[in-house]
1. Is it true that V226 is in a strand (DSSP E or B) and either touching a residue at least 40 places away in the same chain (Cβ under 8 Å) or outside the structural domain of I239 (by TED's automatic domain parsing) (or both)?
2. Looking at this structure, is N224 out of contact with any helix residue (DSSP H, G or I) (no Cβ under 9 Å at 6 or more places or on another chain), modelled with pLDDT of 90 or more and not aliphatic (A, V, I, L, M)?
3. Please verify whether the range 136-147 includes one or more residues that are of a type in the set (G, A, S), over 29 Å from I53 (Cα atoms), in contact (Cβ under 8 Å) with a residue 12 or more places away in the chain and assigned by TED's automatic domain parsing to the domain that holds L58.
4. Looking only at the range 262-301, which residues are closer than 18 Å to V164 by Cβ and in contact with a Gly (Cβ under 8 Å, 6 or more places away or on another chain)?
5. For residues in the range 94-115 being surrounded by 15 or more Cβ atoms within 10 Å (Cβ to Cβ) and β-branched (V, I, T), which is nearest to the chain's Cα centre (by Cα)?
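The values are calculated or read from the model by the stated rules, or taken from the named source; none is laboratory data. Owing to the predicted nature of the structure, the values given are computational and were not obtained by experimental measurement. No Cβ is skipped: glycine too gets one built from the backbone with ideal geometry, and neighbour counts run over all protein chains shown.
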Amino acid sequence: MALSKQKIDPSLKINNDTGFGINAANYGGRFINRDGTFNLRKEGMPFLNRFSIYHSMLTMPRWKFIGLILVAYLSVNLLYAFIYLSVGIDQLQGVVATGYWGKFKEAFFFSTETFTTVGYGRVNPVGDGANVVAAIEAMTGFLSFALATGLMFGRFSRPKSFLVFSDFALISPYQDKTALMFRFAPYKDNHTLTDVQIRVNIGLKVQMDGSAEYRYYDLNLERNKVESLPMNWTVVHPIDDKSPFLGFTPDDMVASDVELYVLIRGFDDVYSNFVQQRTSYTYQEIKFNGKYVPMYRESEDGKTTILELHKLNAYEEVVKLDK
């Protein structure tokens with residue numbers, strides 16, 4: 001069921017710039033995935049018009065990219081091996097193997113040598129058909145490796161934020177009240193963002209004129225900017241009279257289908273460019289009556305601060321909160 005609108009202070013300013021609509025009946029699941037991608041599938045146009053090979057190759061996981069390169073390399077050489085067999089293995093001079101499997105291996109490895117322009121020399125084309133196929137394959141190899149090199153450089157040089165977020169947001173004690181908190185940290189050595197800014201929005205479902213609608217609010221933060229981010233940052237939203245969470249219980253979170261939208265933007269000195277990262281927390285990922293434990297300590301010699309990234313999600317239970 002949707003939360004009654006009386007739970008939300010009507011004086012709070014609604015954020016209409018989130019890019020999400022208000023019709024609750026037309027949405028499924030969360031708006032933003034934990035990895036920052038939008039939980040959205042597009043339909044209504046041909047797949048090739050919607051699909052970008054270049055963008056997909058730049059953004060796919062590393063293991064998929066490497067696997068795709070290997071599969072493409074093997075597939076192309078298998079195809080050319082069959083073509084050489086179709087043209088006639090007698091048009092390849094230096095083949096010493098006998099039997100179909102042996103000749104196929106000779107054709108396959110000759111293809112790999114031609115495709116990569118290695119050309120060891122024991123096997124070489126002597127017929128017109130084999131020479132034409134070898135010439136086309138050599139050109140295919142040049143173009144393929146040029147594309148692969150460009151994609152590898154694009155992936156290698158693409159600016160990244162290298163931030164890791166806590167798995168859960170917590171409702172924790174804060175001064176004389178409570179606050180919603182989550183934290184994140186840079187996880188690469190010698191990688192520090194500067195002029196880091198954060199914006200947090202809340203989306204929740206309310207009853208409006210008898211129907212459920214989504215409403216979006218900017219959350220006031222204890223701090224929304226830091227000059228540099230060498231360590232972790234615990235983001236704090238005080239739950240006060242200006243908070244849409246005032247008076248919320250865990251059941252209210254569920255009924256309202258609450259989701260936090262987090263956007264972080266900072267300047268990376270290494271890339272000399274701005275980077276940003278998104279994530280979100282749904283009501284299942286917001287825990288009440290918890291408090292984060294410190295995730296840094298002094299080194300044994302007292303000369304260095306150690307950031308313990310394995311404690312990013314560490315928290316302890318606290319006495320049930322009244323506010």
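1. Values: in a strand (DSSP E or B): yes; either touching a residue at least 40 places away in the same chain (Cβ under 8 Å) or outside the structural domain of I239 (by TED's automatic domain parsing) (or both): no.
It is false that V226 is in a strand (DSSP E or B) and either touching a residue at least 40 places away in the same chain (Cβ under 8 Å) or outside the structural domain of I239 (by TED's automatic domain parsing) (or both).
2. Working: out of contact with any helix residue (DSSP H, G or I) (no Cβ under 9 Å at 6 or more places or on another chain): yes; modelled with pLDDT of 90 or more: yes; not aliphatic (A, V, I, L, M): yes.
Criteria met by N224.
3. Within the range 136-147, none of the residues are of a type in the set (G, A, S), over 29 Å from I53 (Cα atoms), in contact (Cβ under 8 Å) with a residue 12 or more places away in the chain and assigned by TED's automatic domain parsing to the domain that holds L58.
4. Those that are closer than 18 Å to V164 by Cβ and in contact with a Gly (Cβ under 8 Å, 6 or more places away or on another chain): V275, Q276, Q277, R278, T279.
5. Among those residues, the one meeting the criterion is T112.
Residue by residue, here is whether (1) in a helix (DSSP H, G or I); (2) among the charged types (D, E, K, R); (3) under 30 Å from S228 (Cβ atoms) holds:
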| position | (1), (2), (3) |
| --- | --- |
| A107 | yes, no, no |
| G129 | yes, no, no |
| E137 | yes, yes, no |
| F156 | yes, no, yes |
| S161 | no, no, yes |
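Residues checked against (1) outside any helix (DSSP H, G or I); (2) touching a residue at least 24 places away in the same chain (Cβ under 8 Å); (3) of a type in the set (A, V, I, L, M):
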{"site": "D257", "(1), (2), (3)": "yes, yes, no"}
{"site": "Q277", "(1), (2), (3)": "yes, yes, no"}
{"site": "Y281", "(1), (2), (3)": "yes, yes, no"}
{"site": "R297", "(1), (2), (3)": "yes, no, no"}
{"site": "E300", "(1), (2), (3)": "yes, no, no"}
{"site": "E316", "(1), (2), (3)": "yes, yes, no"}
{"site": "V319", "(1), (2), (3)": "yes, yes, yes"}
